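Have a look at the structure below before the remarks.
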Amino acid sequence: MKKVAIIIGSTRPSRRSLTVAKWIKSVLSSSKEITFDTIDLKKINLPFLDESALPALGKYSQEHTKKWSALIKSYDGLILLFPQYNSGYPAPLKNALDYLGKEWSNKPISMVTYGAHGGLQAQIAMKLVLTGFHAKQLAVNPQISINPMDSDEDVTTKLNAYNFEIELLEREFEHVLAN
């Protein structure tokens with residue numbers, strides 16, 4: 001069975017990422033071909049990039065980098081889940097990506113963003129980063145419109161309106177990882 005990780009890219013105390021990740025995972029649970037796991041960058045807790053060698057060389061000296069590399073290598077694909085912060089992506093997500101190099105190359109990656117306007121600008125910015133890493137960017141990249149002021153009930157209702165897009169994402173991963 002193939003494995004895909006949902007990487008939670010926000011570490012803020014007030015983040016909605018955990019709620020969104022749980023919902024995504026529940027919608028993706030129907031797959032008979034892929035196991036979907038969650039990786040929370042808050043729990044990974046990488047310090048600000050502290051490797052002396054260029055990540056593209058893959059010569060990691062820090063134990064936390066070696067563990068991070070092994071974790072990412074253990075997955076066949078990734079879903080980057082992150083909110084839009086000030087028209088961009090969260091710094092902890094960029095830091096986690098910058099730690100590694102070849103691990104992202106040719107890896108199927110989708111983005112699921114959320115925010116008051118769905119996270120389009122964050123996706124545009126992240127697309128440039130993923131292109132630089134030579135990641136295999138998927139076509140389905142849901143942009144979920146939820147407002148920081150929405151109640152938990154409103155968020156649940158809004159998320160369920162995107163079930164079809166998450167189901168499409170599941171089908172795309174099944175297709176891409178089957179070949």
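A single entry from 86, 147 fulfils the requirement of being touching a residue at least 12 places away in the same chain (Cβ under 8 Å) and of a type outside the set (Ser, Thr, Tyr): 147. Screening region 69-100 for residues that are in contact with a Lys or Arg (Cβ under 8 Å, 6 or more places away or on another chain) and of a type in the set (Ser, Thr, Tyr) and picking the one that is farthest from residue 120 (Cα to Cα) gives 74. Of a type outside the set (Asp, Glu), free of Cβ contacts under 8 Å to residues at least 40 places away in the same chain and crowded, with 19+ Cβ neighbours inside 10 Å: does that describe residue 39? Against the criterion (of a type outside the set (Asp, Glu), free of Cβ contacts under 8 Å to residues at least 40 places away in the same chain and crowded, with 19+ Cβ neighbours inside 10 Å), residue 39 qualifies. Selection of helices (runs of 4 or more DSSP H) fully inside region 65-179 by the criterion of at least 1 residues being over 15 Å from the mean Cα position of the chain (by Cα) returns 120-132, 152-160, 163-178.
Read-outs: derived from the displayed coordinates by stated rules, not from any lab. Being a predicted model, the structure only gives us computed values, none of them experimental. Every residue, glycine as well, gets a Cβ built from its backbone with ideal geometry; the counts of neighbours run over all protein chains shown.
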